[in-house]
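Some notes on the structure that comes next.
The values are calculated or read from the model by the stated rules, or taken from the named source; none is laboratory data. What you are looking at is a predicted structure, and each value in this text was computed from that prediction instead of being measured. Neighbour counts run over all protein chains shown; Cβ positions are idealised from the backbone, glycine included.
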There are 2 protein chains.
Amino acid sequence: MNIPKHVGIIPDGNRRWAQGKGMTKDRGYECGLDPGLEAYRACRDKGVEEVTFYGFTTDNTRRPSYQTEAFTKACVDAANLLINEGASFLAVGNAKSPMFPKELLPYTTRSEGKPGQIKANLLVNYGWHWDLNTLADAEKVNKNNIQENIQSFDVSRLDLIIRWGGRRRLSGFLPVQSIYADFYVVDDFWPDYKNIHMDEAFTWYKDQDVTLGG
Amino acid sequence: MNIPKHVGIIPDGNRRWAQGKGMTKDRGYECGLDPGLEAYRACRDKGVEEVTFYGFTTDNTRRPSYQTEAFTKACVDAANLLINEGASFLAVGNAKSPMFPKELLPYTTRSEGKPGQIKANLLVNYGWHWDLNTLADAEKVNKNNIQENIQSFDVSRLDLIIRWGGRRRLSGFLPVQSIYADFYVVDDFWPDYKNIHMDEAFTWYKDQDVTLGG
């Protein structure tokens, strides 16, 4: 079976889920924590080598503060769950901004994982423009060195991106690593994550004819 | 109705279509010409302001020469159809390479369109790395000036990308302009294009909640 090496996860729909349950929008994020750990474990157990979660972006920080506080806390909690699980953890985002959670500053370089665990990356205070802005400092950019000159250089090329919540867009998720990725959409909101979603995405992926543009 | 200003078209499946008809793979491209003009007219008549077609990439030029010759000829023919129609035409790709068709060299800057016509861009000998490589020459790259410093600076942000041929991936299509685009997939192969595909994509698009990452 054709297993993706690197899976990107866009855990969207937390606010719509909370509203559907009669809760305020900010309550959705905490309900996305267990799904995050489950999704990591499902990928690990399928033989995936690296998982990247879309936490929050610099664009998202313009939302009302009760929401930004809720998703920032959820990201710190998610990071702790993954670190406790033993993942080789990396936080990717603009750490020079006050919106970057200080608890995650030690993880702007990758932590060592425990045996049997895999790489887990979390985008926090991430911006696609922030990611690309170091290209201006690069000596010369060519086909083979773009990825090593962007901020997210320690995040590898994505094979499969799965987005929950029904939207069919990347929303600025790692534009360089997403270039050749296959994109699978789950209509359920992220807090309603089930392992069957992941199974279905992997089943779909194995039939894709991956050519990397050739 | 919520009309996309800029529509990207990935006209995939030409080779699979030809094989399915018992023809050699190279024969698919010429059968994608009329669909291209029809798709341009459909977008124009719906109120779209700009359409970008994915012609061929620097990666594609590694294919057997009977195929590269066929898709290069098809791109020149497609350009002539759009220019004759009166579109404001731009060819986007690495024009310093011998793989760039010399007939299209006059169109590496945009031609003037006729009244009532819209912008039409065709990616020929395009590479996402070629597109980004001028960022290394930029003085300073920030959130607001990335697009004006890439090779495809005269191609605007995409609202809707429609891919024919069933694949759910961008395959290097304008990574910067695709950041916030909604992505619609048609399972039919490109030579089987019908205006109803476009209608369905537009109907789907009008219900999307476009947030541009906010």
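Only a single item in (1) touching a Phe, Trp or Tyr at 6+ places or on another chain (Cβ under 6 Å); (2) outside any helix (DSSP H, G or I); (3) touching a residue at least 40 places away in the same chain (Cβ under 8 Å); (4) not hydroxyl-bearing (Ser, Thr, Tyr) is not met by B:Ala201, and it is number (2). Under the condition of being assigned to a helix (DSSP H, G or I) and buried (at least 24 other Cβ atoms within 10 Å of the Cβ), the residues counted in segment A:6-38 number 5. Restricting A:Ser152, A:Ser111, A:Ser97 to residues that are part of a loop (DSSP other than H, G, I, E, B), at pLDDT 95 or above and under 15 Å from the mean Cα position of the chain (by Cα) narrows the list to A:Ser152. Residues in segment A:129-149 that are within 7 Å of chain B (Cβ to nearest Cβ), farther than 15 Å from B:Asp137 by Cα and part of a helix (DSSP H, G or I): A:His129 only. Take A:Ala181 and decide whether it is within 10 Å of chain B (Cβ to nearest Cβ) and more than 20 Å from B:Tyr180 (Cβ to Cβ). Here the answer is no, as A:Ala181 does not meet what is asked.
Among the residues that make up segment A:105-116, is at least one of them among the hydrophobic types (A, V, I, L, M, F, W, C) and surrounded by 17 or more Cβ atoms within 10 Å (Cβ to Cβ)? No, segment A:105-116 contains no residue that is among the hydrophobic types (A, V, I, L, M, F, W, C) and surrounded by 17 or more Cβ atoms within 10 Å (Cβ to Cβ). Flag not set for A:Asn125, criterion: more than 7 Å from every other protein chain (Cβ to nearest Cβ), free of Cβ contacts under 8 Å to residues at least 24 places away in the same chain and not acidic (Asp, Glu).
So that you can scan it fast, the table gives a plain yes or no per residue for (1) aliphatic (A, V, I, L, M); (2) more than 22 Å from B:Phe202 (Cα to Cα):
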| site | (1), (2) |
| --- | --- |
| B:His6 | no, no |
| B:Arg16 | no, yes |
| B:Phe56 | no, yes |
| B:Phe71 | no, yes |
| B:Ala78 | yes, yes |
| B:Gly86 | no, yes |
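The number of residues in segment B:59-72 being in contact (Cβ under 8 Å) with a residue 12 or more places away in the chain and surrounded by 16 or more Cβ atoms within 10 Å (Cβ to Cβ) comes to 7.
Can you name the residue in segment A:161-178 that is assigned to a strand (DSSP E or B) and aliphatic (A, V, I, L, M) and is also nearest to the other protein chains (Cβ to nearest Cβ) among such residues? Within segment A:161-178, the match that is nearest to the other protein chains (Cβ to nearest Cβ) is A:Ile161. The residues listed here are B:Val51, B:Val92; of these, the one that is away from chain A (no Cβ under 14 Å), among the hydrophobic types (A, V, I, L, M, F, W, C) and in contact with a Leu (Cβ under 7 Å, 6 or more places away or on another chain) is B:Val92. Residue count for segment A:128-169, restricted to those that are under 23 Å from B:Arg168 (Cα atoms), crowded, with 16+ Cβ neighbours inside 10 Å, of a type outside the set (Val, Ile, Thr) and touching a residue at least 12 places away in the same chain (Cβ under 8 Å): 12.
Okay, residues lined up against (1) of a type in the set (A, V, I, L, M, F, W, C); (2) in contact with a His (Cβ under 9 Å, 6 or more places away or on another chain); (3) under 25 Å from B:Asp182 (Cβ atoms):
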position: B:Glu85; (1), (2), (3): no, no, no
position: B:Val92; (1), (2), (3): yes, no, yes
position: B:Pro98; (1), (2), (3): no, no, no
position: B:Leu123; (1), (2), (3): yes, no, yes
position: B:Lys143; (1), (2), (3): no, yes, yes
position: B:Gln151; (1), (2), (3): no, no, yes
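Answer yes or no as to whether B:Leu212 is on the phi > 0 side of the Ramachandran plot, in contact with a strand residue (DSSP E or B) (Cβ under 9 Å, 6 or more places away or on another chain), in a loop (DSSP other than H, G, I, E, B) and of a type in the set (A, V, I, L, M, F, W, C). Considered against the rule, which asks whether it is on the phi > 0 side of the Ramachandran plot, in contact with a strand residue (DSSP E or B) (Cβ under 9 Å, 6 or more places away or on another chain), in a loop (DSSP other than H, G, I, E, B) and of a type in the set (A, V, I, L, M, F, W, C), B:Leu212 comes out as no.
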